Amino acid sequence: MTVLVIAEHDNAHLKGATLNTVAAAAQIAKFGGDDVHVLVAGSNCAAVAQAAAQIAGVSKVLVADAPQFADGLAENVAAQIVALAGGYSHILAPATPSGKNILPRVAAVLDVQQVSEIVAVESPDTFVRPIYAGNALATVQSSDAKKVITVRTTGFDAVAATGGSATIENVTAMADAGLSAFIGREVAKSERPELTAAKVIVSGGRGMGSGDNFKILEPLADKLGAAMGASRAAVDAGFVPNDWQVGQTGKIVAPQLYIAVGISGAIQHLAGMKDSKTIVAINKDPEAPIFSVADYGIVGDLFTIVPELVKELG
Amino acid sequence: MKILVPVKRVVDYNVKVRVKADQTGVETANVKMSMNPFDEIAVEEAVRLKEAGIATEIIAVSCGLLACQETLRTALAIGADRAILVETDADLQPLAVAKLLAAIAKKEAPGLVILGKQAIDDDANQTGQMLAALLNWPQATFASKVTVADGKAQVIREVDGGLETIKINLPAIITTDLRLNEPRYVTLPNIMKAKKKQLDNFKPADLGVDVTPRLKTLKVTEPPKRSAGIKVPDVATLVAKLRNEAKVI
């Protein structure tokens, strides 16, 4: 009953989400005293394999190194996972855009109903996952012989990146499926952290009044090393781009500190950020629903409070 | 080229969902239902491809209760040409839906299937990818731009920290992300027209698909409640609290 974790990487570096996923895998494996293996499917990815072999609690790293895995195309990577699936009781990937893209393809070929975005392991076949954007938690039991699972990384503390000494084994690479081709990548040129990975987020709402006014949040975000987000109202009003949206239909975030500026707190926004560790709300309306989830609220004009806050942070 | 657009009937995104007292699920009786927002974007994209002369016919499909007809009528009002309901009161899970859609796709032979990246009720984010796997077609998930030419689709995808572009052979599956487009408002004349459009009804058995659920929901509970904190009088107090009490800065 060995557990396989699909490593997330860019061929040079192992990504942190892998460590949270190994943590979930270890919880499943411990019921039967079983092993956790990691699959690194990439191209010229020896450094990633080496890093994966250091992860605490991993006993074997499988490496499929071939050009057709260079860019994580779902058709090719899924075929590789399916080829290896026979030896595993559980196949896990982080619930990142990459894991979400690839793993359901694996599940369908194996005729397995995937369990998405688990946040807790109850037993080898029973898991807890958020539904309705986290407004409810479902405990589900899988009747499939094999379990295919994506892991919400915020639900599991990362295992140590070092301390392990797994063996590394090369596996036969599956051929290019020839269905898709990678053209290019455009990484957002921002000094700021990614919204879903940020420890601090500064978000603005309709109360910002205009896209230009979002500039007053920048010094605050700079001071805190924060990502910048927005409510759906601010996005719909055209103040900021769509990919800034935090909420049920946008990004689900759970940073250490979330500062909501001029955000009233519509249900759809709260659904996307209420798992943040500490929430600060700045709003001129003392009755705004955002205050009902905020740890600390300040009632007042954001255009005076935000600069004051920047100054106070020194 | 035909485009197949699967749409799901879900609790409207503005509704505050309530967990049932007996922990069997969330309350859906007497709750406003709407088309899954990501699927609405999918219908809009298909209609734009038709308006651009690339698609010739748009077929909306929904799987579930008879009430899904309303969702299909909305798709028809946005601009789909006809609709198919796969009617069942079974608890449909993504693998079963993907199998039903695969059966429909084999009948209709579309060049593209466009659907939402996930539904806002079960948040599974599986159906499109599973459908692609069952048909052995390529997939482009989380699309923010779609260009179709020469039997291929070039798709810009939203990934962590940016965008990536892939090219996929047709037929293919595309799942929509928020930035792909802004769905149009449905006009009254179009709602009236939609009522006259063809809507066919199948049962899962007609398609030879076993929809037995694989996941058993043992319970559904409310997440730990977040209690309201305090209002602080000034910025200095806020910063002191964040430093010394919450220890987050």
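Here, each number is a calculation from the coordinates, and none is a lab measurement. Bear in mind that the values here come from a model prediction, so they are computed numbers and not experimental data. Positions of Cβ are generated from backbone atoms using ideal geometry, with glycine treated the same way; all protein chains shown enter the neighbour counts.
Cα convex hull, segment A:185-235: 92 Å³ per residue, rounded to a whole number. Taking chain B as the reference, fit the longest principal axis to its C-alpha atoms, fit the long axis of helix B:235-244 to the helix C-alpha atoms, and give the angle between the two in degrees, 0 to 90, nearest 10. Helix B:235-244 sits at roughly 90 degrees to that axis.
Over all directions, what mean area does the Cα convex hull of segment A:32-77 project, stated in square nanometres?
Values: hull surface 14.7 nm².
Directional mean of the projected Cα hull area for segment A:32-77 stands at 3.7 nm².
A straight chain from B:Lys247 to B:Lys216 at 0.36 nm per residue would run longer than the Cα-Cα distance by 7.1 nm. Rounded to the nearest 0.05, the FRET efficiency derived from the C-beta distance between B:Thr147 and A:Ala160 at R0 = 35 Å is 0.20. Look at the alpha carbon pairs under 8 Å that are at least 6 residues apart: their mean separation over the length of chain A gives a relative contact order of 15 percent. Both numbers refer to the Cα atoms of segment A:234-308; Rg and Dmax are 11.9, 32 Å. In units of the rule-of-thumb radius 2.2 N^0.38 Å, segment A:7-95 shows an alpha carbon radius of gyration of 1.02.
Quick one: B:Glu44, A:Glu308, fewest Cβ neighbours within 10 Å first, how do they rank?
Working: B:Glu44 21, A:Glu308 16.
Ranking B:Glu44, A:Glu308 by Cβ neighbours within 10 Å, fewest first, gives A:Glu308, B:Glu44.
About the Cα centre, and with charges only on the beta carbon of Lys, Arg (+1) and Asp, Glu (-1), how big is the dipole of segment A:1-149? Nearest 20 debye, please.
Values: 8 positive and 12 negative charges, 29 e Å.
Computed about the Cα centre, the dipole is about 140 debye.
For A:Glu122, the amide hydrogen comes within under 5 Å of the amide hydrogens of A:Phe127, A:Val128, counting only partners 5 or more places away or on other chains and with H modelled in the peptide plane.
Nearest 20 debye, what's the magnitude of the dipole of segment B:1-86 about its Cα centre given +1 on Lys and Arg Cβ and -1 on Asp and Glu Cβ? The partial results should precede the final answer.
On the way: 11 positive and 11 negative charges, 35 e Å.
So the dipole magnitude of segment B:1-86 works out to roughly 160 debye.
Rounded to the nearest 10 degrees, the angle from helix B:94-108 to the longest Cα principal axis of chain B is 20 degrees.
As a footprinting exposure proxy, order B:Glu51, B:Glu27 by other Cβ within 10 Å, with the fewest listed first. Could the numbers behind the result be given before it?
Working: B:Glu51 10, B:Glu27 13.
Starting with the residue having the fewest Cβ neighbours, the order is B:Glu51, B:Glu27.
Shielding by partners for peptide B:220-227, expressed as the average number of C-beta atoms from other protein chains within 10 Å of each residue's C-beta, is 5. Residue by residue along A:106-115, Cβ atoms of other protein chains within 10 Å of the local Cβ number 6 on average. To check you understand DSSP bridge types, tell me what percent of the beta bridges within segment B:88-181 (both residues inside) are antiparallel, rounded to 5. Of those bridges, close to 65 percent are antiparallel.
With a sphere of radius 15 Å drawn around the Cβ of B:Arg226, what net charge do the other residues whose Cβ falls strictly inside it have (Lys, Arg +1; Asp, Glu -1)? Mind dumping the intermediate values first?
Numbers: positive: A:Lys274, A:Lys277, B:Lys16, B:Lys225; negative: A:Asp275, A:Asp295, B:Glu222.
So the surrounding residues net to +1.
With respect to chain A, whose longest principal axis is taken over its alpha-carbon atoms, helix A:74-84 is tilted by about 40°.
Net charge around B:Pro138, counting only other residues with Cβ within less than 13 Å of its Cβ (Lys, Arg = +1; Asp, Glu = -1)?
Values: positive: A:Arg105, B:Lys152, B:Arg157, B:Lys167; negative: A:Glu75, A:Asp176.
Surrounding charge for B:Pro138 is +2.
In a fully extended conformation the segment linking A:Gln256 and A:Ala197 would gain 20.2 nm over its present Cα-Cα distance, using 0.36 nm per residue. The alpha carbons of segment A:84-135 occupy a box of 35, 26, 17 Å along the principal axes, longest dimension given first.
Mean projection of the Cα convex hull over all viewing directions, computed for segment A:113-171: 6.0 nm². Under Stokes-Einstein, with the Kirkwood radius over Cα pairs as Rh, the value for the protein assembly as shown at 20 °C and 1.002 mPa s is 88 µm²/s. Of the peptides B:71-77, A:6-12, the ranking by mean beta-carbon count within 10 Å, highest at the top, reads B:71-77, A:6-12.
Between A:Thr304 and A:Ala120, the modelled label-to-label distance comes to 4.5 nm, taking each label 7 Å out from Cα in the direction of the beta carbon. If you wrap the tightest convex hull around every Cα atom of segment B:96-142 and split its volume per residue, you get 71 Å³. Once the C-beta distance of A:Ala12 and B:Ala90 is scaled by a Förster radius of 41 Å, the resulting FRET efficiency is 0.30 to the nearest 0.05. If a/c stays under 1.5 just call it rounded; otherwise compare a/b with b/c (prolate if a/b is bigger, oblate if not). Do that for segment B:27-108, with a ≥ b ≥ c from the square roots of the Cα gyration tensor eigenvalues. Oblate is the answer for segment B:27-108, as a/c is 1.5 or above yet b/c matches or exceeds a/b. Legend: calculated FRET efficiency, B:Leu66 to B:Lys231, from the Cβ-Cβ distance at R0 = 45 Å, rounded to 0.05, equals 0.35.
Summing +1 for each Lys or Arg and -1 for each Asp or Glu among the other residues whose beta-carbon sits under 13 angstrom from that of A:Thr167 gives -1. Over the C-alpha trace of chain B, radius of gyration and Dmax come out as 20.9, 68 angstrom. Taking all C-alpha pairs of chain A, those more than 31 Å from each other amount to 38 percent.
Let me know the mean shielding of B:95-106 by other chains, meaning the per-residue number of their Cβ atoms within 10 Å of its Cβ. Can you show the working numbers first?
Working: counts 8, 1, 0, 4, 2, 0, 0, 1, 0, 0, 0, 0.
That works out to 1 on average.
Fewest neighbouring Cβ atoms within 10 Å first, the residues A:Met273, A:Met228 line up as A:Met228, A:Met273.
With a/c under 1.5 counting as rounded, go ahead and sort segment B:118-224 into rounded, prolate or oblate using the C-alpha gyration tensor (a ≥ b ≥ c being the square roots of the eigenvalues; past the cut-off, prolate if a/b is larger than b/c, else oblate). If you can, show how the numbers build up before the last one.
Working: a/c = 1.32, a/b = 1.11, b/c = 1.20.
Because its axes are fairly even, with a/c under 1.5, segment B:118-224 counts as rounded.
When a/c reaches 1.5 or more, the comparison of a/b and b/c decides; with that in mind, is segment A:43-109 rounded, prolate or oblate per its Cα gyration tensor? Could the numbers behind the result be given before it?
Details: a/c = 1.59, a/b = 1.21, b/c = 1.31.
Cα axes put segment A:43-109 in the oblate bin.
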